1. Label points 7 Å out from Cα along the Cβ direction at Ala129 and Val158: separation in nm?
2. Please tell me the relative contact order of the range 38-141 in percent, rounded to the nearest whole number, where contacts are Cα pairs under 8 Å and at least six residues apart.
3. Relative contact order for the range 1-76: what is it in percent, counting Cα pairs under 8 Å that are at least 6 residues apart?
Amino acid sequence: MNSMDRDPTRDAAFALVSGVLDRRRPLDQTLDQLSGIDARDKAAAHRIAASVLRHLGSIDAVLETHLTKAPPAKVRHILRIGAAQALFLGAPAHAAVSTSVALAHGQGVGKFAGLVNAVLRRVTEAGMAALAELDQPRLDTPSWLWASWGKAARAIAVAQPAGGGDAAARRFGAAAGGERCDRPARLCGCGAVGAGRGGGVAGAVVR
């Protein structure tokens with residue numbers, strides 16, 4: 001893809017999500033390290049990344065229904081970004097899909113553009129109905145944190161729905177410190193106990 005065609009907002013959102021989930025950096029620190037992007041694009045990227053982190057469990061549960069094996073980490077994040085835009089940020093379906101396909105090309109995983117297109121089309125076709133049967137407070141709270149809250153876990157999770165992007169980053173990042181990861185096997189690549197692994201083109205199959 002020509003650099004003139006790059007989308008600075010989605011590129012920055014990708015950098016933020018990757019910085020938090022792959023490199024275990026706080027969201028605010030990762031945001032501060034972004035360079036060469038204007039304030040408007042930076043704010044929009046922050047909004048997208050925070051939505052991914054805030055709703056990560058629910059997003060992964062929706063995506064998992066359309067995959068049989070884990071795609072590579074970059075593709076996982078692109079799918080998460082597209083789904084967050086469509087399901088939680090009110091982006092039109094065509095925009096969520098097309099910007100994600102373009103992001104796949106821009107991030108050097110253009111051979112997965114067809115997968116991104118197919119999965120996100122299915123997600124957008126289902127729309128909010130894809131979330132209707134999900135236990136979002138439970139899904140968006142890692143098991144180790146849920147257990148630490150004891151009998152009050154559900155009440156706390158409902159009162160604090162992931163608490164914001166940086167709070168969510170800390171919750172999901174803790175798996176790298178020795179906790180068991182409870183991300184879906186077809187989507188996780190964090191390396192913690194119980195986590196899934198990324199695969200090649202043949203391994204990332206749409207259901």
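FYI, it's all coordinate maths here, none of it is from the lab. Here the structure is a predicted model, which is why all the values come from computation and not from measurement. Reconstructed Cβ throughout: ideal geometry from the backbone, glycine too, with neighbour counts over all protein chains shown.
1. So the two model labels end up 2.7 nm from each other.
2. On the way: 103 pairs, mean separation 35.0, N = 104.
Over the range 38-141, the number comes to 34 percent.
3. After rounding, I find 31 percent.
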